Amino acid sequence: MKRKILVTGGAGYIGSHTVVELQEAGFEVVIVDNLSNSYDSVLDNIKEITGIKPRFYHFDLTDAERTKDFFAEENDIAGVIHFAALKAVGESMQKSVLYYKNNIFSLLNVLEGMKMSGLDNLVFSSSCTVYGQPDTLPVTEQAPIKKAYSPYGHTKQIAEEIIQNVSSLDGLHAILLRYFNPIGAHPSAKIGELPLGVPNNLVPFITQTAIGIREELKVFGNDYDTPDGTAIRDYIHVVDLAKAHVVALRRMLENKQKEKLEVFNLGTGNGFSVLEVIQAFEKVSKQKLNYRIVGRRPGDTEKVWAATKLANEELGWKARKNLFEMMESAWNWELALKKRNS
Ligand code: UD1
């Protein structure tokens with residue numbers, strides 16, 4: 001079996017953890033990344049974990065000619081995991097055209113390169129954001145796709161539709177993975193989330209506040225229809241998430257798919273409120289977090305957590321790590337970053 005896998009966005013947060021899992025499973029990885037939200041030092045950090053520095057191409061996948069050249073050069077790839085995308089919800093409201101252009105053109109160029117190479121196995125990085133606020137919880141893969149609030153969310157919906165159509169018309173085999181809220185870091189604390197500037201997401205904001213980079217965490221709203229009034233999400237450890245990609249890829253390479261196009265939720269199935277996440281952090285870090293309740297963040301969903309039956313039964317994959325383990329690894333990563341920068 002051919003073992004070479006292209007990981008686009010492989011220097012990023014979820015990408016880098018997936019590269020580690022792929023290498024540990026015996027795959028050869030080639031990364032394409034424009035380093036717009038990551039650093040090439042991640043490649044050395046991956047090597048410190050696995051002993052293998054992944055091969056790396058530094059270019060932008062919105063460049064159609066460069067992407068074609070890449071696929072012509074690397075003509076023995078067995079499968080593609082496509083992470084490369086812009087992902088900040090707030091920024092996408094300010095820079096909508098950039099988000100559409102970046103996330104859609106890069107997907108189209110990857111699909112074109114795959115077609116050119118006769119390559120038909122794609123794992124795509126999607127999001128629970130496609131469900132909006134679901135009518136019933138836990139949300140299953142069959143839940144209706146709701147109108148997207150942000151251009152970011154819309155690009156995920158459009159990308160899913162493009163892949164679905166290409167799959168039905170052109171024979172592409174694809175698995176769409178809808179992530180819930182990935183948090184935490186590798187247990188080695190050698191790779192993790194590296195937000196550029198002020199983090200948008202809850203957990204890096206918590207750890208940066210605790211370590212003194214940020215003054216205080218603002219909790220966005222405590223008037224939601226939830227037990228403590230704060231919003232609920234299904235947080236999943238990034239290593240559990242990364243492992244699901246290896247499982248999905250194997251399923252395609254071993255021709256075990258039930259349909260050419262499959263969709264799986266990747267979550268734990270458990271919802272936690274913002275205050276519960278803070279409490280879990282305080283417990284594992286043994287310190288008090290400076291936080292304040294403020295108004296809701298526009299566009300936020302009240303509550304969402306995953307139905308995990310399909311992924312558990314069909315993929316034979318299950319998220320293992322609990323919220324404490326997630327918060328502990330996120331905190332260890334923040335401490336390691338401080339050490340590295342001092
Ligand atoms: C959203 C998207 C997700 C996307 C991600 C990318 C949904 C349901 N999810 O995640 O698909 O991949 O953005 O960034 O649309 N919070 C605070 N204070 C903060 C930051 C966050 O209280 O400083 C709260 C939020 O209001 C939310 C929770 O923490 O209730 C999680 O927020 P965040 O980490 O930003 O993720 P989502 O918005 O859920």
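Details
- So Val42, is it surrounded by 21 or more Cβ atoms within 10 Å (Cβ to Cβ), closer than 23 Å to Ala174 by Cα and among the β-branched types (Val, Ile, Thr): no
- Helices (runs of 4 or more DSSP H) wholly inside the stretch 26-95 that include at least 2 residues being over 26 Å from Val198 (Cα atoms): 41-50, 64-73
- Considered as a group, the residues in the stretch 241-270 that are in a helix (DSSP H, G or I) and within 16 Å of the ligand (Cβ to nearest atom) include one that is nearest to Met326 (Cα to Cα), and that residue is Leu241.
- Where Ile213 falls short, out of the listed (1) more than 16 Å from the ligand (Cβ to nearest atom); (2) outside any helix (DSSP H, G or I); (3) of a type outside the set (Ser, Thr, Tyr): (1)
- Filtered residue count, the stretch 151-208, keeping only those that are within 11 Å of the ligand (Cβ to nearest atom) and in a loop (DSSP other than H, G, I, E, B): 7
- Among the residues making up the stretch 271-299, a single one is assigned to a loop (DSSP other than H, G, I, E, B) and surrounded by 19 or more Cβ atoms within 10 Å (Cβ to Cβ): Gly271.
- Pair list, Cβ under 7 Å, 6 or more apart: the stretch 78-97 residue assigned by TED's automatic domain parsing to the domain that holds Met252, other residue at pLDDT 95 or above and of a type in the set (Lys, Arg): Ala78/Lys4
The values are calculated or read from the model by the stated rules, or taken from the named source; none is laboratory data. Computed from a predicted structure; not experimentally measured. Using ideal geometry, Cβ is built from the backbone for each residue, glycine included, and neighbour counts are taken over all protein chains shown.
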